[in-house]
1. Scanning for something part of a helix (DSSP H, G or I), over 24 Å from V414 (Cβ atoms) and at pLDDT 95 or above, does segment 500-516 turn up at least one residue?
2. With T175, T171, T216 as the choices, which residue is of a type in the set (V, I, T) and more than 23 Å from the chain's Cα centre (by Cα)?
3. Can you name every residue in segment 355-368 that is part of a loop (DSSP other than H, G, I, E, B) and open to solvent by 30 Å² or more (accessible area, probe 1.4 Å)?
4. Which numbered condition in (1) without any contact (Cβ under 8 Å) to a residue 40 or more places away in the chain; (2) assigned to a helix (DSSP H, G or I); (3) touching a helix residue (DSSP H, G or I) at 6+ places or on another chain (Cβ under 8 Å) is the only one that G404 fails?
5. Restricting to segment 420-442, count the residues that are touching a strand residue (DSSP E or B) at 6+ places or on another chain (Cβ under 7 Å) and open to solvent by less than 30 Å² (accessible area, probe 1.4 Å).
6. Test A328 against the criterion of being under 25 Å from S532 (Cα atoms) and among the hydrophobic types (A, V, I, L, M, F, W, C), and give yes or no.
7. When both residues are 6+ apart or on different chains and their Cβ atoms are under 8 Å apart, which pairs have a first residue that lies in segment 563-587 and is among the acidic types (D, E), and a second that is open to solvent by 30 Å² or more (accessible area, probe 1.4 Å)?
Amino acid sequence: MTDTHCPYCALQCAMTLTPTAPAPTAPAIPTATADRTALPVTVAGRDFPTNRGGLCKKGWTSAELLADAGRLTTPLVRGDDGELHPAEWDATLDLIAAKLRRIAAEDGPDAVGVFGGGGLTNEKAYQLGKFARIALRTSRIDYNGRFCMSSAAAAANRSFGIDRGLPFPLTDLDTAETVLLLGSNVGDTMPPFVSHLQGARARGGLIVVDPRRSSTARLCADGAGIHVQPVPGSDLALLLSLTHVVIAEELFDDGYVRQRTSGIEALRQSVSAWWPERAETVTGVPALSIRELARTLARSDSTYILTGRGVEQHVDGTDTATAAVNLALLLGLPGTPGCGYGTLTGQGNGQGGREHGQKADQLPGYQSISDPTARASVAAVWGVDPDDLPGPGVPAVELLQSAGLPGGVRALLVHGSNVFVSAPNVSTVREALGRLDLLVVSDFFLSETAKAADIVLPVLQWAEEEGTMTNLEGRVLRRRRAVDAPAGARSELWIMAELARRLDAPGTWSLEPSEVFDELARASAGGRADYSGLSHALLDLGIEAHWPFPVGSLGTPRLFADRFAHADGRAKLVAVRARSHPTASADRLNLVTGRLLEQYQSGAQTRRIPELTEKRPALVAQLHPATARRHGIGEGDGIRISNSRGALQARAELTHDIRPDTVFLPFHYPDAESANLLTSDQVDPHSAMPEFKRALVQVSAV
C-alpha cells in the first residue's frame, strides 16, 4: 500500500493506493477510448485534515487513468504526411535540440518559449524554470496558473507582502461562526471542503456570493446562511459598498486598523460614494441586504472571508480581490485567532507551481527575477553567473499570442497544460500555435494541444512518480510512486536532463526527485516561499510542513500573527475603484463559465472516464426559464451562443438557479464546444489575468 494524494485539485485529499494487477500495455498511438480492464491499484480515502477520509467522484475514479488505453508510451513526431508517427527517444530528443539551437541562433533565445502547469510537482516546476533560464537562456516562460491564481496572488502580495492561498490551516474554519465565500463553488470543485463549513452552517453563518444558486449556494438554505446573487462581474461594487457601511457605521476594528495597517484615509475616501442604494443599481443586491450583510460580518466573533476564481478572473480581478482583503483588514481578521482571509487555490499544485520559477517574473522561493540579491543567490545554487540569467518574460496571454509573429516565440515547449481548451479567446490561441515552427507537448494522453503538436513526449502520471505538492494551505506534501510506469514513458526530469546535455547547458540535472527538491530548498532560501528546512526525508516523517519553513524552523501554519510581510510589518489598505462595463440587455446575456462536479480543468483526464462523463457527455448551457421563453427555447433544445469572438452550440438546461440576465457554460469541453471560444483575452493590468468570467453573448434557438 502507498500513501499519497489525489491528482486533481489543491485540496490534495489524502488517499491510499493498493496494487491489484499490472497495467495493460497501451498501443503506440493511443485511441480515444479506454480499455476498462483490471485497474493497477484500488483507491481508498485516507484520514487527513483537508478531506478526513473523504474523496469526490474524481478522486475515487482516478485510478482508471492509470489503465487507460489512450496512454502515450512512445514519442510521436509529425511526418511529411501531416500525421503523428512513433519515434525513438534518442532521435526525437536530437531533433528537438537541433531545432531549438537553430531557432535560437537565428532569432535569439527569446524565440523559444516554455509553458508550464499548476499540476506539475514542485520538483518539475522548479526544474522547468531552471531549464528555461540556463539551458534555453530564454525569458519566455509562464504557466497556466496565470489563468487561475494570478489576481489573488497580486492582491495578496500588495496587501500582505506575501501570497499563500490560505494563511491558516483549513481546519481553522471548523469553528467559524461566519464564513463569507465569494466566487467559489466548493460543493462541486472540491466537495470534501464542505465539511469545514458545517460549523458556520449550524450557526446560520454561511454567506455565499454567486450569480447562480450553485450546490454551494444551496448549502445556505433552511436557515444555514444567506445566498447573495449579484449581477455577474459586479463583485467589486458589492465589496466597496460593504466597506462603505463598515466605515460609515464605525463597525471596523479601530485598534487593529491603527496598529496593524496603513492607508485607512485613502480607503475611506475611495468608498465614500458607494452607499448601498447606489450599489444596488449596479449589483442588483438590495441596499438593505448589503447593510445587514456588513453588520453580520462585523458582529461575529469568528469570521472568515474566502475568495475564488469567480471574483478574480476579471480585468479588475486584482482590485476585486484587494477589496475583499480591505474588508477583512477593516474587520481585523488576518492574523487574529479564530478569524482570517484566504483565497482558494484551484489546481493541484497551483500554490507550489507559482512559487518556484514557472512565472515570467519569478525565481524559486517566490523571489523576483529582477532582484539582484535573489539572482545572485539562485545563480550560485545553479552554478552560473547571475548576469547570464535572463530578465522577466511576458505573461501567458502575451506569450501565446506572440507565437509565430515577429519578436514572438517560434518554438514552444508545453508541460502540464492543454491551452487548446483552457486559454481565453481560444480560437486566436489555436491559430497562433499553428504559426509556430516547433510545438513540443509533454503529456500522458493525446490532449487537444498534443494533437496539434509537431512532437509529443510521453511522460509519467501521478501514481508513477515521486515528488512533492503544495496544497491550498501552503502545506508541502509527498507524492509517492505506487506503480511502475509503462515502458516508453519518461519522467520530465529525465527529458529536461537529456535536452540540457544536448544543449551543453551548465549546472547539474539530477533525475532523483529528492535531490531536485534539495536543490529547490537551497535555491528558495531567504525567499517568501522558503523551503530550505525541508527535504523528502523530513516530509516522510509525516510532519505538518507549512511554508515558510527555513532551516531550523517548525514551519508556519498561521501567517500574520505578529506582523505582515511588508518592511514595516503592516498590511496595506489599498484604495481601489470600480470601473463601468457593458451590461446585459434583452438581446445580450452575461456569460459566466465554471466547473462541473464530475470534470476537472480542460477535461483532458476526466473526459476519459465514463462514470464522470455519462451524466453530461456534451455541452449543456444553463438558462433561466423566463429568458428561455423570451428566446423561444425549451428544455433540452439546441441553442447557439455567440459573440464577436466566436460561436458554439449547446443543449439548454432551464433552471431558476440562475439569474435571468445570465447564461452559464462549463469550460471542460474541447473543440467546437469550448466555452473559451467566447471569453475575452483582455487582461487585468496588475496580474495579466484574462477576463474569463465576464462576456456578453447572444443566445438563439437552433
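1. Yes - at least one qualifying residue is present in segment 500-516.
2. On inspection, the qualifying residue turns out to be T175.
3. Correct list: D361 only.
4. So the condition that G404 fails would be (2).
5. Summing the residues that are touching a strand residue (DSSP E or B) at 6+ places or on another chain (Cβ under 7 Å) and open to solvent by less than 30 Å² (accessible area, probe 1.4 Å) in segment 420-442 gives 9.
6. Against the criterion (under 25 Å from S532 (Cα atoms) and among the hydrophobic types (A, V, I, L, M, F, W, C)), A328 does not qualify.
7. From residues that are among the acidic types (D, E), the pairs are D568/S262; D587/Q698.
The rows are residues; the columns are (1) within 18 Å of the chain's Cα centre (by Cα); (2) in a loop (DSSP other than H, G, I, E, B); (3) buried (at least 24 other Cβ atoms within 10 Å of the Cβ); (4) not small (G, A, S).
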| site | (1), (2), (3), (4) |
| --- | --- |
| A298 | no, no, no, no |
| D301 | no, yes, no, yes |
| G310 | yes, no, yes, no |
| H314 | yes, yes, yes, yes |
| T318 | yes, no, yes, yes |
| T336 | no, yes, no, yes |
| G342 | yes, no, yes, no |
| S370 | no, yes, no, no |
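The values are calculated or read from the model by the stated rules, or taken from the named source; none is laboratory data. Please read these numbers as outputs of a predicted model, since none were measured by experiment. Please note: Cβ atoms are built from the backbone with ideal geometry, for glycine as well, and neighbour counts cover all protein chains shown. Only protein heavy atoms, including side chains, enter the accessible area calculation; ligands, DNA and RNA are left aside. Shrake-Rupley method; radii C 1.70, N 1.55, O 1.52, S 1.80 Å.
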